[in-house]
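Structure, as C-alpha cells:
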Amino acid sequence: MRRKLLEVVAGVGSLAVVAVVGALLVRTGTYAASAQAQSATAFNLTITAVASSATAGALYPGGKGDVVVTISNLSPYPVTVTAVGLPTNATYATGYTTNSLTTTKAGCLSTTPSDVIWNHSTFTSESSHTLAKALTVAASGQANNPLTVTFIDDASMTAASPAACEDTYFSMPAMTGVVARNGVASITTSPAIDSWSS
C-alpha cells in the first residue's frame, strides 16, 4: 500500500485583550487619586504550511499523520500558544498533486470528501485542544520567529478515504482559533515537536 503524504495549510489569528485598572489606597487626609493602565494585545499570530516531502509521519487509510507548520508572531513581545481550536470532524482537507499546493487532485477534494481531518476534532466547531506543551513564539524580528512545529499524529485519514487520495499532499482545514497569552516562559526553539489530545 502506498503511503499518503501530508501537507498542511492553516491560518488563524487570535486576539487576547486584558485591561488592567489600578487603584490607589488613600489612608488619611483629603487625597484624591486614580490610575489606569491597559495591556497590549496579542495579535497577528499566523499559522501556515511548511512545504515538506518527508515520508516520516505520512498518512495512510485508518491512520494518523504529522502536520508541519510555522507560527509567526508579529507582536513586539513573545506570545505563548497553549491550545488550538479545530473545525468539525466533517470539515475535510483538500488533496493536491505536489507540496506547492497549486493543483488539486481529482477525486480527493474536501467535497469528495477526502476523509482527511484534524485528529481529535469533534462534531462541534471550535473545539479547543490543549497542546502537550505550550509553545512560546519569540517577538517579531527575533530568533525562532517564525517557529517551525511538527504536530505529531494530529491529522487522520479514515479507512473510507478514496483511492484517489494516494500519494497526495493535503491542505488541512483552517484552525478556528488559538489560545495564547503574553509569553512568560522560555522561547521555544525551532524546530519544535508538539501534539494535542482529546
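Does G57 satisfy the criteria of being at positive phi and either basic (K, R) or at pLDDT 90 or above (or both)? No. From the set of residues in segment 97-116 that are modelled with pLDDT under 95 and closer than 16 Å to V67 by Cα, which is farthest from the chain's Cα centre (by Cα)? In this case the residue turns out to be T98. Of all residues assigned to segment 78-87, none qualifies as being surrounded by fewer than 10 Cβ atoms within 10 Å (Cβ to Cβ) and either at pLDDT below 60 or hydroxyl-bearing (S, T, Y) (or both). With a requirement of 2 or more residues that are among the hydroxyl-bearing types (S, T, Y), the strands (runs of 3 or more DSSP E) lying completely within segment 141-198 that satisfy it span 147-157, 169-171. Pairs linking a residue in segment 98-114 that is among the hydrophobic types (A, V, I, L, M, F, W, C) to a residue that is surrounded by 14 or more Cβ atoms within 10 Å (Cβ to Cβ), with Cβ atoms under 6 Å and 6 or more positions apart or on different chains, are L101/S171; C108/G95; C108/S114; C108/A164; C108/C165; C108/T168; L109/T94.
Scanning segment 126-146 finds no residues that are among the hydrophobic types (A, V, I, L, M, F, W, C), surrounded by 15 or more Cβ atoms within 10 Å (Cβ to Cβ), farther than 21 Å from L45 by Cβ and out of contact with any Pro (no Cβ under 7 Å at 6 or more places or on another chain).
Selection of first residues in segment 179-198 that are surrounded by 16 or more Cβ atoms within 10 Å (Cβ to Cβ) and of second residues that are acidic (D, E) and not in a loop (DSSP other than H, G, I, E, B), restricted to Cβ pairs under 8 Å at least 6 apart or on distinct chains, gives the following pairs, ordered by first then second residue: S195/D153; S195/D154; W196/D154.
Residue count for segment 61-89 satisfying the condition of being within 16 Å of the chain's Cα centre (by Cα), in a loop (DSSP other than H, G, I, E, B) and closer than 14 Å to T46 by Cα: 1. Of the residues T48, T70, T91, the single one that is at pLDDT 90 or above, closer than 17 Å to D194 by Cβ, in contact with a Pro (Cβ under 9 Å, 6 or more places away or on another chain) and surrounded by fewer than 18 Cβ atoms within 10 Å (Cβ to Cβ) is T70.
The values are calculated or read from the model by the stated rules, or taken from the named source; none is laboratory data. Owing to the predicted nature of the structure, the values given are computational and were not obtained by experimental measurement. Here Cβ is always computed from backbone atoms with ideal geometry, including for glycine, and neighbour counts include all displayed protein chains.
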